[in-house]
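Encoded as structure tokens, the structure appears first; notes follow it.
The values are calculated or read from the model by the stated rules, or taken from the named source; none is laboratory data. Source: prediction; values computed, not measured. Here the Cβ positions follow ideal geometry from the backbone for every residue, glycine too, while neighbour counts run over all protein chains shown.
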Amino acid sequence: MRVLRWLPRLLIPLAVAAALVVDARIDRVPAEAAALAGEAPTQIEVPTPTALTSSWFCPVVGMRAIAPGFGETTTELLLTNMTGASVSVSIELRGRTTGRQFVTADVAPLSTGVVNTSDYARDEIIGALVEASSGGLAVTRRLTSPLGIDEARCSSVLAPNWYVPVGDTQSDALGVIAIMNPLPRDAIVDITFATEAEFGPFVVPELTGVVIPAWSSVAVDVGEHARRRDVVAASVQARTGRIAADSFVMYDGSVGRRGFAAELASVSLSETWLVPVAGIDSETHLRVRVFNPSDEVAQVVAEVTAAGVDSDRVALAIASHDVRELIVEPPSDREPGLDTLLAPTGVPLGISVTGQNDVPFVVWAETVVGSAASPLTDIPIASDAAGEAADPAGGASVTVVAQSDEPPDAPTGAASAEGAVPDDASRDIDGAAAEVLPPVLSARSGLTSVPGIGVQRERWLVVVPAEAGVETFLTIMRNPTSPDAEDAVAEDAVADVSGGDGRVVIGTLQRETLAVVDVPASGVVTHRLTSGTTRILVSDVPFAALLWQARSGSAGLSVAHPVGW
């Protein structure tokens with residue numbers, strides 16, 4: 001009888017131990033799967049319309065000044081409904097001290113709604129979990145600070161590994177990594193840096209085993225840990241849990257540079273990266289940063305291509321856990337350095353970085369507009385496309401580009417009240433390339449920091465927030481090293497682009513064709529968009545695209561990464 005009485009008691013510890021093992025497996029298996037997905041060349045993408053829900057993770061939708069002189073960052077969420085039915089959206093705002101707040105919104109079919117999340121932000125940093133009642137919802141952000149305006153994606157995935165080429169940590173710079181943990185358990189992360197001053201990973205004890213509390217976002221000031229470095233990259237790795245991460249770069253203007261840039265960190269590694277650039281000139285400082293977070297040396301070739309111009313290329317080795325910076329500049333009388341790429345001025349160009357030894361890496365690009373010594377130096381202002389003089393009060397004029405003109409937003413196919421599109425809508429096109437116009441005024445000063453395109457797609461979504469006095473350019477690039485694509489078209493393409501010649505069709509959410517742009521296999525095209533619009537891009541071959549916005553005021557230049565769909 002005593003044996004029978006004690007047997008259940010002996011089984012209790014065994015049951016507890018088994019539960020702990022099962023619990024650990026439950027927590028570990030999704031993390032391992034996410035890690036494998038993070039290493040694959042994948043991008044953030046819109047859930048299919050047939051999905052039951054859409055979930056998006058926005059690490060920052062409001063941030064107070066975390067360092068003197070850099071001001072508060074406010075955010076608008078842009079909710080794009082790509083389906084023919086209204087979508088109910090729930091926005092859960094999460095701060096470390098203010099708890100959870102909920103905001104609801106209904107987004108009409110085939111439209112973009114705006115929610116100002118800063119009205120609800122009362123914490124030092126606040127993130128948002130956005131969930132919709134169906135698939136087909138894309139979530140992006142417009143962030144505004146006293147130093148500028150920028151657009152950024154939210155993330156449709158959580159992963160244990162994120163990669164952030166921060167920029168630099170000089171006296172006028174602020175680099176911030178914002179980490180979001182939207183899950184009900186605390187996450188533990190390790191943050192390591194790569195800089196030009198250290199060989200191998202730069203490990204900071206204070207950033208080893210950092211706890212990211214459940215339901216919260218945490219901001220890390222990089223300059224507090226990697227002081228006075230010219231080139232800095234970071235790797236954020238979660239020991240437990242899954243996270244999303246943002247990157248912020250700001251220059252306060254104290255030594256000339258001034259600007260604000262925000263973007264979702266890179267969740268994937270790749271062996272091929274493309275950076276479509278609207279254009280550069282003598283006052284535009286373009287830098288490409290290549291970060292190798294792996295344990296092996298990465299052999300890469302970086303190349304500049306532009307239509308009708310001989311390309312320039314450099315080969316370099318990126319040591320394990322190291323970062324290299326490439327300077328892209330116009331030709332000059334002085335001899336280019338080993339880390340310099342020469343590029344033509346005033347024309348669209350593309351930068352490709354390709355691995356040579358099967359070691360994946362990460363690529364980001366930073367553009368600083370204006371003289372490094374004084375970005376507001378008076379420079380003659382260019383005329384706009386119509387030949388009218390730009391506003392003299394706009395200050396220095398730099399970064400002029402050529403572009404093709406998009407027709408007005410006149411519908412070419414009528415949609416029904418429910419948002420359905422006729423089968424023959426937008427298929428009557430002549431196939432001619434859009435007209436190329438002279439260069440136009442862009443921006444007098446500003447900062448952009450944007451990840452390269454690690455995976456080329458046949459379909460992209462770009463969201464252009466409504467804003468007065470902004471010139472918007474869509475720069476499209478094909479991979480110059482890839483073979484010609486097959487003459488195939490997706491069944492739901494916006495228009496008939498058969499022929500395999502690399503045409504990109506630009507249309508509305510209602511599948512109305514506005515322009516057809518021919519992109520040569522080895523070239524780049526910049527196309528002018530109407531501000532305040534949402535566009536879908538479809539081609540018969542994979543391509544990369546970035547959305548450049550230029551402002552004549554001090555807000556300067558910004559770049560938006562499109563979302564795959």
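The table for this structure:
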| quantity | calculated |
| --- | --- |
| Evaluation of ILE327 against (1) surrounded by fewer than 21 Cβ atoms within 10 Å (Cβ to Cβ); (2) closer than 17 Å to GLY200 by Cβ (one fails), failing number | (2) |
| Test for VAL328: is it modelled with pLDDT of 90 or more and in a strand (DSSP E or B) | yes |
| Checklist (1) at pLDDT below 90; (2) under 22 Å from GLY256 (Cβ atoms); (3) not hydrophobic (A, V, I, L, M, F, W, C) applied to GLU198, failing item | (2) |
| Any hit, region 352-372, residues being surrounded by 14 or more Cβ atoms within 10 Å (Cβ to Cβ), modelled with pLDDT under 95 and outside any strand (DSSP E or B) | yes |
| Selected residue [within 20 Å of the chain's Cα centre (by Cα) and aliphatic (A, V, I, L, M)] from LEU174, LEU93 | LEU174 |
| Number of the condition not met by SER294 [criteria: (1) surrounded by fewer than 24 Cβ atoms within 10 Å (Cβ to Cβ); (2) in contact with a helix residue (DSSP H, G or I) (Cβ under 8 Å, 6 or more places away or on another chain)] | (2) |
| Per-region count, region 527-550, residues in a strand (DSSP E or B), over 16 Å from the mean Cα position of the chain (by Cα) and not polar (S, T, N, Q) | 11 |
| All positions within region 195-218 that are small (Gly, Ala, Ser) and closer than 17 Å to VAL232 by Cα | ALA197, GLY200 |
| Options VAL115, VAL61, VAL103, VAL46; residue that is free of Cβ contacts under 8 Å to residues at least 40 places away in the same chain and either under 24 Å from the mean Cα position of the chain (by Cα) or not assigned by TED's automatic domain parsing to the domain that holds ASN181 (or both) | VAL115 |
| Qualifying residue in region 257-277 (condition: in contact with an Asp or Glu (Cβ under 8 Å, 6 or more places away or on another chain), modelled with pLDDT of 95 or more and charged (D, E, K, R)) | yes |
| Which numbered condition ARG228 misses (of (1) in contact (Cβ under 8 Å) with a residue 60 or more places away in the chain; (2) outside any strand (DSSP E or B)) | (1) |
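Condition check ((1) in contact (Cβ under 8 Å) with a residue 40 or more places away in the chain; (2) part of a strand (DSSP E or B); (3) in contact with a Cys (Cβ under 9 Å, 6 or more places away or on another chain)) across all residues:
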site	(1), (2), (3)
PRO184	no, no, no
ALA194	yes, yes, no
VAL236	yes, yes, no
TYR251	yes, yes, no
SER268	yes, no, no
LEU286	yes, yes, no
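This table checks each residue for (1) hydrophobic (A, V, I, L, M, F, W, C); (2) over 27 Å from VAL301 (Cα atoms).
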| site | (1), (2) |
| --- | --- |
| ASP190 | no, yes |
| GLU198 | no, no |
| VAL204 | yes, yes |
| ALA214 | yes, yes |
| ARG229 | no, no |
| SER254 | no, yes |
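Conditions (1) in contact (Cβ under 8 Å) with a residue 12 or more places away in the chain; (2) under 16 Å from ALA244 (Cβ atoms); (3) in a loop (DSSP other than H, G, I, E, B), marked per residue:
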position: ASP123; (1), (2), (3): yes, no, yes
position: LEU129; (1), (2), (3): yes, yes, no
position: VAL139; (1), (2), (3): yes, yes, no
position: ASP150; (1), (2), (3): yes, no, no
position: ILE177; (1), (2), (3): yes, yes, no
